[in-house]
Ligand SMILES: [Zn+2]
């Protein structure tokens, strides 16, 4: 932690103590404390706690620190609001929530968030990303439906005072380069996939993002949390975040009451957050990477780095 951040943090805590002593409005002191907390995960600017930030072009070029971690949460799970939100605020971590109205989102408000709750996440400074209206797997066959799928979520965001998403997560982790231009036309600068094809889906494993090598619209998940995950699975993903590489983590509900095959328990999730804190990770949302990465630079061939990794894995398996 930088000295400036320590001072901010100390300042926030001091205000709380002062509030208790002299009767300052506690909410004001808490706000100062939370702003200090945000500094631990990145600057207030990065986490977008100022609403104007999302639409302001960000100049890339900051050096990528070691232990830079991106948290992402898919599928609009109710627990993102009830469990994940308060925990992330406690730790001062940034995150991206990928929103879809798929399954029975419209009627089932036990398992899925309301749009008011999604708006609240945005107002907290978290990023709201696009995960298509119907959770549509994007392939050569379905790519023609992508524009309306993207626009539907962007429209709902606008209705609720949320900026148009700049991040996208490929539903079901299916992807095709044929969708890149559509995503770009809709203002998407980052798109996250799973750990496949380098690792099989079932493994929940993946490689860290290598800026300049990975296409910004095909960012790998370094880890894709599953019910059987343990702390060592998280460690394996996070320890790759060094030497210019960034660990992007994929979660679903905590727990995921509608999709138990991708659920994480609260006990495990809290252990993951403690680990990230103890490792002094900088934990941000996907859009925050615009500070470090030139999103206009697309590699000539999006799959070169993927084939390289597959060859490395095959060679390692032969040994
Ligand atoms: Zn999904």
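The values are calculated or read from the model by the stated rules, or taken from the named source; none is laboratory data. Just so you know, these numbers come straight off a predicted model, no measurement behind them. Using ideal geometry, Cβ is built from the backbone for each residue, glycine included, and neighbour counts are taken over all protein chains shown.
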Only one of these conditions is not met by residue 40: (1) modelled with pLDDT under 95; (2) under 14 Å from residue 287 (Cβ atoms). Which number is it? (2)
With the condition kept exactly as written, say whether any residue in region 226-249 is part of a loop (DSSP other than H, G, I, E, B), within 16 Å of the ligand (Cβ to nearest atom) and either surrounded by 24 or more Cβ atoms within 10 Å (Cβ to Cβ) or in contact (Cβ under 8 Å) with a residue 40 or more places away in the chain (or both). no
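I'm checking my understanding of the structure. Among residues of region 167-189 that are in contact (Cβ under 8 Å) with a residue 60 or more places away in the chain and within 16 Å of the ligand (Cβ to nearest atom), which one is farthest from the chain's Cα centre (by Cα)?
171
How many residues does region 106-137 contain that are assigned to a loop (DSSP other than H, G, I, E, B) and within 18 Å of the chain's Cα centre (by Cα)?
Qualifying residue count, region 106-137: 7.
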So is residue 116 farther than 22 Å from residue 248 by Cβ, in the same structural domain as residue 308 (by TED's automatic domain parsing), within 16 Å of the ligand (Cβ to nearest atom) and touching a residue at least 24 places away in the same chain (Cβ under 8 Å) or not? no
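So that you can scan it fast, the table gives a plain yes or no per residue for (1) out of contact with any helix residue (DSSP H, G or I) (no Cβ under 9 Å at 6 or more places or on another chain); (2) in a loop (DSSP other than H, G, I, E, B); (3) under 13 Å from residue 138 (Cβ atoms):
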residue	(1), (2), (3)
165	no, yes, no
178	no, no, yes
182	no, no, yes
188	no, yes, yes
196	no, yes, no
Quick check on region 74-100: of everything there that is more than 17 Å from residue 123 (Cα to Cα) and in a strand (DSSP E or B), which residue is farthest from the ligand (Cβ to nearest atom)? 77
Qualifying residue in region 300-318 (condition: at negative phi and within 18 Å of the chain's Cα centre (by Cα)): no
Just one listed residue, out of 164, 203, 152, 208, is more than 16 Å from the ligand (Cβ to nearest atom) and surrounded by fewer than 18 Cβ atoms within 10 Å (Cβ to Cβ), and it is 203
How many residues, within region 250-259, are crowded, with 18+ Cβ neighbours inside 10 Å and assigned to a loop (DSSP other than H, G, I, E, B)? 6
Residues in region 231-254 that are farther than 18 Å from residue 284 by Cβ and touching a helix residue (DSSP H, G or I) at 6+ places or on another chain (Cβ under 6 Å): how many? 4
